[in-house]
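Asks: One structure follows; several queries about it will come next.
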Number of protein chains: 2
Amino acid sequence: MGSPAADEDLPQVLLIRNPPAFTIDGEEQFTSAKFRFLKAFESTLPPHDFLAARAQSVRAMLASGGAVVDASVLQFLPELRLIVTTTAGLNQLDLPECRRRGIRIANAGDVYSADVADCAVGLLIDVLRKISACNRYVKQGFWASKGDYPLGSKLRGKRIGIVGLGRIGYQVAKRLEAFGCSIAYNSRKAKPGVSYPFYQEVQELAAKSDALILCCGLTEQTRHMINKEVLAALGKDGVIVNIARGGVIDEKEMVRCLMEGEIAGAGLDVFENEPDAPKELMELDNVVMSPHCAVFTRESLLDVARLVVGNLEAFFSNEPLLSEYEDD
Amino acid sequence: MGSPAADEDLPQVLLIRNPPAFTIDGEEQFTSAKFRFLKAFESTLPPHDFLAARAQSVRAMLASGGAVVDASVLQFLPELRLIVTTTAGLNQLDLPECRRRGIRIANAGDVYSADVADCAVGLLIDVLRKISACNRYVKQGFWASKGDYPLGSKLRGKRIGIVGLGRIGYQVAKRLEAFGCSIAYNSRKAKPGVSYPFYQEVQELAAKSDALILCCGLTEQTRHMINKEVLAALGKDGVIVNIARGGVIDEKEMVRCLMEGEIAGAGLDVFENEPDAPKELMELDNVVMSPHCAVFTRESLLDVARLVVGNLEAFFSNEPLLSEYEDD
């Protein structure tokens, strides 16, 4: 970074909250000679007062997962033209309001897709083959005293329903084909050039699947899409894996189904009220939970830091963004 | 099954120990109208006395994993011409002695390969992405109180060394290619028609790999093949996955390396002294253990029962065996 005097002249990038990636990667991974950060969270002013007083001329902001950017925030940012996110999902943003205001968005693009897909497959194998449960059993010393652990079930031949066949869903499908699983999907519309069977209704997909893997974004259309009827269609031998967003599932209903054996198991990276996960699930061996970390590896966080900086530098240089989000 | 009188005329299949699959699947899955079982383990006689008195004319036996069949057993079985195993690995058999006596062997063939490969990949993902450790962390309620769990590491781009590129090793390789891993292998000799780089020396493979996945049989040549030097070559960022046999690794040395951070982690389905697993590993979050269950799913056990019965019926009908083991 340049001298403080030179810094004063740099364009500002608004931060409402401290992005977790700053803590994990180190903020230096996000610094650039072409911009500086304006940190609302370091001010003693209430957030809206800070924005009103200091952010009137801000043209770009960086929004991490927990930083909600809705009309109540955007009203204070008349000059805002770009939001860069550290996330692939954009449910923290009011997308229609951004569109109305002509604000462009650059998200994490494809940086996380492979890691999220890996995690989805890992959770599925773990639930079907009981890996976490076996690990606990062996580590508690029960193998010698109680004998073999109950059998898991086979991946080959399983019918996998992918809900949301975007970049992540497609990578999940490709991986599971290598395990001999068959793939079908639900999406807003059938994807051109994709040969997997398409189901318009998620309930029908559930009825035809041994496992549902949720890979869609969270929108008003997908909120609680996995409801009582879909879970019933999935059935007592069915497994659900969620690496999308907690709100895609009616969580209360899923908890009930898991506790009453109406579905067979679940691998869950996301929850409706993070970081709180439903207490009832903590006792269940057929539920594997991870703390919304499907996107996070050491490698992917360094990749996203490079992408965030690259997008901001491109914006301030009037060059094309590296990963502009296109609403489709 | 026929009447007791008819049964008396059926050829006998010797069982020295009760196969675990009889308990898990139900013995009825293994019964046939073409043979009957002679159960040494139900006799009050000591095993060798039973064999001497009752098994002189036995032509076939069924050997499960824990039933050692060596020269001390075979000396009592002059008419034995076939051993059918419920296992893919044959380390419970004295193969040179079987060969010398002209005893054919039918093993589990390819029945377990997919499930074992799935488990190997599951263990690798689990270690790299810390799934079991995350699951425990969330279930202990630490996510809300302590925040995010330490980052895992990415599968894509990892260099995977497969030790033993037989049916299982090959299926592991195919799956991991779908994750964007690069594959190399060690085997007794280079496999014709395989394009993965071949390393004659396992130590050299270890030095060029981020993870070693052990898929070889246990023989005098492979016992403790993964020794101090190989583990040092794998290095402090290296991971080991063992779905072969515990004896392939110098376990004491591996435990030391894991405890002292000389390798990064391990996914272990097999151990040197099962069902005892090293107590030191039970405290380590970077070690994922399962109780020698990589082969076991509900589906594969039913498949192996069908194969065992099919091999025995073929033998007694003088037809080709379904899965004859060929020493190569």
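The values are calculated or read from the model by the stated rules, or taken from the named source; none is laboratory data. Nothing here was measured: the structure is a model prediction, and the numbers come from that model. We place every Cβ from the backbone using ideal geometry, glycine too, and count neighbours over all the protein chains shown. Accessible surface areas use protein heavy atoms only, side chains included; no ligands, DNA or RNA. Shrake-Rupley method; radii C 1.70, N 1.55, O 1.52, S 1.80 Å.
Asks: What size of dipole, in debye to the nearest 20, comes out for chain A about its Cα centre when the only charges are +1 on Lys and Arg C-beta atoms and -1 on Asp and Glu C-beta atoms?
Replies: Numbers: 36 positive and 44 negative charges, 165 e Å.
Its charge dipole is roughly 800 debye.
Asks: Using only Cα atoms and rounding to the nearest 10 degrees, what angle (0 to 90) does helix A:298-316 make with the longest principal axis of chain A?
Replies: On a 0 to 90 degree scale, this one is about 30.
Asks: Please state the relative contact order of segment A:113-289 as a whole percent: Cα pairs under 8 Å, 6+ residues apart?
Replies: On the way: 322 pairs, mean separation 36.8, N = 177.
Computed over segment A:113-289, the figure is 21 percent.
Asks: Within 10 Å, count the other beta carbons around each residue, average over each peptide in B:167-178, B:99-110, and list them highest first.
Replies: Taking the mean over residues of other Cβ atoms within 10 Å, the ranking is B:167-178, B:99-110.
Asks: Tell me, what is the per residue accessible area of the protein assembly as shown in Å², probe radius 1.4 Å? Let's see the in-between values first.
Replies: Numbers: 27890 Å² over 656 residues.
Each residue of the protein assembly as shown exposes 43 Å² on average to a 1.4 Å probe.
Asks: Within 10 Å of each Cβ of B:145-151, how many other protein chain Cβ atoms are there on average? If you can, show how the numbers build up before the last one.
Replies: Working: counts 1, 2, 4, 8, 5, 4, 9.
So the per-residue partner count for this stretch is 5.
Asks: Separate question: Can you give the angle from 0 to 90° between the axis of helix A:113-129 and the longest principal axis of chain A, with both taken from C-alpha atoms, to the nearest 10?
Replies: Relative to chain A, helix A:113-129 is tipped by roughly 20 degrees.
Asks: Tally up the carbon and sulfur contribution to the accessible surface of segment B:113-289 as a whole percent, 1.4 Å probe, everything protein left in place. If you can, show how the numbers build up before the last one.
Replies: Numbers: 3350 of 6940 Å².
Carbon and sulfur atoms account for 48 percent of the accessible area of segment B:113-289.
Asks: Among all the lysines, which ones have a C-alpha under 28 Å from B:Lys279's C-alpha, if same-chain residues fewer than 8 places away are not counted?
Replies: A:Lys130, A:Lys139, A:Lys146, B:Lys130, B:Lys139, B:Lys146, B:Lys228, B:Lys236, B:Lys252
Asks: In addition: For segment B:1-60, rounded, prolate or oblate, judged on the Cα gyration tensor with a ≥ b ≥ c (square roots of eigenvalues), a/c < 1.5 rounded, else prolate if a/b > b/c? All intermediate terms of the calculation are to be shown ahead of the outcome.
Replies: Details: a/c = 2.15, a/b = 1.17, b/c = 1.83.
In terms of gyration-tensor shape, oblate.
Asks: Hey, another quick one. Taking a cut-off of 16 Å between Cα atoms, list the aspartates and glutamates near A:Lys154, but don't count ones fewer than 8 places away on the same chain.
Replies: Partners found: A:Asp126, A:Glu177, A:Asp210, A:Asp237, B:Asp25, B:Asp110, B:Asp115, B:Asp118, B:Glu299, B:Asp303.
Asks: Return the value, in Å² to the nearest 100, of accessible area buried between chains A and B (probe 1.4 Å, both sides summed).
Replies: Answer for the A-B pair: about 5000 Å² buried.
Asks: Another question about this same structure. Counting only protein chains, not ligands or nucleic acids, how are B:Cys293, A:Cys98 ordered by accessible area (probe 1.4 Å), most first?
Replies: On the way: B:Cys293 20, A:Cys98 0 Å².
Ranked from most to least accessible, the order is B:Cys293, A:Cys98.
Asks: Still on this model: Tell me, what ³J(HN,Hα) does each residue in segment A:287-297 have, in order and in whole Hz, if you take phi through Karplus 6.51 cos²θ - 1.76 cosθ + 1.60 with θ = phi - 60° and put x for Gly and Pro?
Replies: So the Karplus estimates, Gly and Pro as x, are 10, 10, 10, 10, x, 6, 10, 4, 7, 9, 10 Hz.
Asks: Using a 1.4 Å probe and ignoring any ligands, DNA or RNA, find the accessible area of B:Ser187 and quote it in Å² to the nearest 10.
Replies: Solvent-accessible area, nearest 10 Å²: 20 Å².
Asks: Only bridges with both residues in the protein assembly as shown count here: give the DSSP antiparallel percent, nearest 5.
Replies: Working: 4 of 80 bridges.
Just about 5 percent of them are antiparallel.
Asks: So how tilted is helix B:167-177 from the main axis of chain B? Cα-based, degrees 0 to 90, rounded to 10.
Replies: 30
Asks: Would you work out if segment B:1-160 is rounded, prolate or oblate? Take a ≥ b ≥ c from the square roots of the eigenvalues of the alpha-carbon gyration tensor; rounded if a/c is under 1.5, else prolate when a/b is larger than b/c, oblate otherwise.
Replies: Values: a/c = 3.08, a/b = 2.39, b/c = 1.29.
Prolate, since a/c reaches 1.5 and a/b exceeds b/c.
Asks: In addition: So what is the 222 nm mean residue ellipticity for chain A from helices alone, if each DSSP H run of at least 4 adds -39500 (n - 2.57) and you divide by all residues, rounding to the nearest 500 deg cm²/dmol? Present the calculation step by step, with values, prior to reporting the outcome.
Replies: On the way: 13 runs with 113 residues, N = 328.
My calculation for chain A gives -9500 deg cm²/dmol from helical runs alone.
Asks: Just going by the charge dipole of chain A, with Lys and Arg at +1 and Asp and Glu at -1 on Cβ, which of A:Ala173, A:Met61, A:Phe37 is farthest out on the positive end?
Replies: Of the listed residues, the answer is A:Ala173.
Asks: What is the magnitude of the charge dipole of the protein assembly as shown about its Cα centre, with +1 placed on the Cβ of each Lys and Arg, -1 on the Cβ of each Asp and Glu, and no other charges, expressed in debye to the nearest 20? Could the numbers behind the result be given before it?
Replies: Details: 72 positive and 88 negative charges, 148 e Å.
With only Lys, Arg, Asp and Glu charged at Cβ, the dipole is about 700 debye.
Asks: When the Karplus curve 6.51 cos²θ - 1.76 cosθ + 1.60 is applied with θ = phi - 60°, which whole-Hz ³J(HN,Hα) does each residue of segment A:29-37 get, with x for Gly and Pro?
Replies: 5, 9, 7, 8, 7, 9, 7, 9, 8
Asks: While we're here: To one decimal place, what orientation-averaged projected area in nm² is obtained for the convex hull of the Cα set of chain A? Walk me through the intermediate numbers first.
Replies: Values: hull surface 76.3 nm².
That works out to 19.1 nm².
Asks: So what's Rg/Rh here for segment A:113-289, counting alpha carbon atoms and using the Kirkwood radius for Rh? Can you show the working numbers first?
Replies: Details: Rg = 15.8 Å, Rh = 16.3 Å.
My calculation puts Rg/Rh at 0.97.
Asks: Continuing with this model, one more query. Estimate the FRET efficiency between B:Ala144 and B:Glu283 by the formula 1/(1 + (r/R0)^6), using the beta-carbon distance for r and 35 Å for R0, to the nearest 0.05. Before the final figure, lay out the partial values.
Replies: On the way: r = 24 Å, r/R0 = 0.69.
Efficiency computed from Cβ-Cβ geometry: 0.90.
Asks: Of A:Leu51, A:Leu10, A:Thr23, which is farthest along the charge dipole of the protein assembly as shown in the positive direction, counting Lys and Arg as +1 and Asp and Glu as -1 at C-beta?
Replies: A:Leu10
Asks: Keeping all protein chains in the complex and leaving out DNA, RNA and ligands, what accessible area do you get for B:Tyr325 with a 1.4 Å probe, in Å² to the nearest 10?
Replies: Surface accessible to solvent at B:Tyr325 totals approximately 70 Å².
Asks: Take the alpha carbon atoms of segment A:1-68, find their center, do the same for segment B:168-182, and report the distance between the two centers in whole angstrom.
Replies: Taking the Cα centre of segment B:168-182 as reference, the centre of segment A:1-68 is 43 Å away.
Asks: Here is a further query. How would the protein assembly as shown be classified by its alpha-carbon gyration tensor: rounded, prolate or oblate, with rounded meaning a/c under 1.5 and the a/b versus b/c comparison settling the rest?
Replies: Values: a/c = 2.68, a/b = 2.07, b/c = 1.30.
Verdict is prolate for the protein assembly as shown.
Asks: Looking only at other chains, what is the average number of their beta-carbon atoms within 10 angstrom of each beta-carbon in A:117-128? Walk me through the intermediate numbers first.
Replies: On the way: counts 5, 11, 6, 0, 8, 13, 7, 3, 9, 8, 0, 3.
Mean partner-chain Cβ count within 10 Å for A:117-128: 6.
Asks: Once the label point is set 7 Å along the Cα-to-beta-carbon vector, what list of distances in nm do you get between B:Asp7 and its counterparts in the other copies?
Replies: So the distances to the same position in the other copies read 8.8 nm.
Asks: Just to confirm the numbers: A:His224, label point 7 angstrom along the Cα-Cβ line, distances to the other copies in nm, shortest first?
Replies: Counterpart label points of A:His224 in the remaining copies fall at 6.4 nm.
Asks: Loop-only GluC sites (Glu not before Pro) in segment A:276-328, please: DSSP not H, G, I, E or B, and at most 16 other Cβ atoms within 10 Å. Walk me through the intermediate numbers first.
Replies: Numbers: sites: A:Glu280, A:Glu283, A:Glu299, A:Glu313, A:Glu324, A:Glu326; in loops: A:Glu326.
Here the GluC sites (Glu not before Pro) that fit, given the DSSP loop and packing criteria, are A:Glu326.
Asks: Give me the percent relative contact order of chain B, please, defined on Cα pairs under 8 angstrom at least 6 residues apart.
Replies: Details: 590 pairs, mean separation 54.9, N = 328.
Result for chain B is 17 percent.
Asks: Quick one: which residues, 5 or more positions from B:Gly267 or on another chain, have an amide H under 5 Å from its amide H? H modelled 1.01 Å from N in the peptide plane, none for Pro or chain starts.
Replies: The list, which skips near neighbours in sequence, is B:Ile240, B:Val241, B:Asn242, B:Val288.
Asks: How large is the dipole of segment B:113-289 about the Cα centre if only Lys and Arg carry +1 and Asp and Glu carry -1, each at its Cβ, rounded to the nearest 20 debye?
Replies: On the way: 23 positive and 23 negative charges, 136 e Å.
So the dipole magnitude of segment B:113-289 works out to roughly 660 debye.
Asks: Across peptide A:164-170, what mean number of C-beta atoms from other chains lies inside 10 Å of a residue's C-beta?
Replies: So the per-residue partner count for this stretch is 0.
Asks: Let me ask another. Distance between the C-alpha centers of segment B:260-328 and segment A:194-245? Whole Å please.
Replies: 34
Asks: Show the residues, 5+ positions off or on another chain, whose built amide H is closer than 5 Å to the amide H of B:Arg81.
Replies: Those qualifying (amide H under 5 Å, at least 5 residues apart or on another chain) are B:Ala60.
Asks: Assuming 0.36 nm per residue, please report the length gained on full extension of the stretch A:Thr23 to A:Lys236 beyond their Cα-Cα distance. Mind dumping the intermediate values first?
Replies: Details: separation 213, 0.36 × 213 = 76.68 nm, distance 4.21 nm.
That pair, A:Thr23 and A:Lys236, stretches by 72.5 nm at full extension.
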